[in-house]
Amino acid sequence: MKVYCIWEHNGNDSLVYAQDCIGAFTRGSSKEEALAKMDREIRSYLQWRDGLSFPVDETIEAIIIQEKASELRIADADSDVLFESEKRPLLIKEYLKLKELAIKSARDFQRLFDAILDKNRTALSVRETFYGQVPITAQQMYDHTSGVNSYYFGEIGIRADRATNSPTDSANYEAGIIVTRRLQSFEQLEITQTGVPNYLANRLFNGSYGEEWTLRKVCRRFVWHDRIHAKAMYRMACKTFGAETVPNIFGFLI
């Protein structure tokens, strides 16, 4: 299986993204280290997304098709790359598939969070990164991950700041904040741009700090960001409470 990849790097520090496995990525202190991890990442990702156990004897070949040199803190997963493939207009079936994946990711993140025995207990030590202190408890990781909703949608011109759990909507309230915010924001996208579905044009936006955004990128960033912090939450919970207490909902190979 060939996996076409985008390589974003600051010097040797590298992030490698799978173009067609939306949100799948690896990182390393070199391109080679990141590429070497792609086999396990794709196997894990396909198990999560499709319930597909990829044959052990079938190789996964990572092929870089785009490179982005960056001045960002790539080692801390700071990123601003826009894939060339994320500039194309969307078909409605493509949009619905991306939306479904972003919602699945949010629901699974919520399921993982709900399974953590104590949301405020951790065995991890405090560490600083480019955006401040790294979240080290399940609650901190959840708040951080659900908190990017208005930022991501805001970068493509959608006011999502009111997308929160409403106690008057019991179904959404029970779904969890991260799911509700994401669902409501996609609804706002679809309501705001009525008539000819302009969001399918996948317009290019110049966002904060000169970063380029499209709707395709927003969907990919949600799944990518969820995976970063779901993996961190899973590892933290295994270390703090024991692996037997934590469901591996994302199928991480750790």
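Some values worked out for this structure:
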read-out	value
Only one of I136, I64 that is under 27 Å from R40 (Cβ atoms) and outside any loop (DSSP other than H, G, I, E, B)	I64
Some residue of segment 122-136 being farther than 27 Å from F241 by Cα and under 16 Å from the mean Cα position of the chain (by Cα)	no
Selection from segment 31-49 of residues that are more than 19 Å from A230 (Cα to Cα) and touching an Asp or Glu at 6+ places or on another chain (Cβ under 8 Å)	none
Residues (modelled with pLDDT of 95 or more and surrounded by 15 or more Cβ atoms within 10 Å (Cβ to Cβ)) located in segment 49-59	R49
Hey, G195 outside the structural domain of Y17 (by TED's automatic domain parsing), out of contact with any His (no Cβ under 7 Å at 6 or more places or on another chain) and either within 27 Å of F25 (Cβ to Cβ) or at pLDDT 95 or above (or both) or not	no
Residue list for segment 200-215, restricted to those being surrounded by 22 or more Cβ atoms within 10 Å (Cβ to Cβ) and assigned to a helix (DSSP H, G or I)	L215
Boolean, Q110 is in contact with a helix residue (DSSP H, G or I) (Cβ under 6 Å, 6 or more places away or on another chain) and of a type outside the set (A, V, I, L, M)	yes
Subset tally (residues that are surrounded by fewer than 18 Cβ atoms within 10 Å (Cβ to Cβ) and either modelled with pLDDT of 70 or more or acidic (D, E) (or both)) for segment 167-191	6
Within segment 28-47, tally of residues that are of a type outside the set (G, A, S), buried (at least 21 other Cβ atoms within 10 Å of the Cβ) and under 24 Å from E71 (Cβ atoms)	0
Residue count, segment 21-61 (criterion: within 14 Å of the chain's Cα centre (by Cα) and part of a loop (DSSP other than H, G, I, E, B))	4
Single residue of segment 182-199 satisfying the filter (assigned to a helix (DSSP H, G or I) and touching a residue at least 40 places away in the same chain (Cβ under 8 Å)) that is farthest from N248 (Cα to Cα)	Y199
Single unsatisfied condition, I63 versus (1) of a type in the set (A, V, I, L, M); (2) touching a Phe, Trp or Tyr at 6+ places or on another chain (Cβ under 7 Å); (3) crowded, with 18+ Cβ neighbours inside 10 Å	(3)
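The values are calculated or read from the model by the stated rules, or taken from the named source; none is laboratory data. Small disclaimer: the values here were computed from a predicted structure and weren't measured. Positions of Cβ are backbone-derived with ideal geometry, glycine not excepted, and every protein chain shown enters the neighbour counts.
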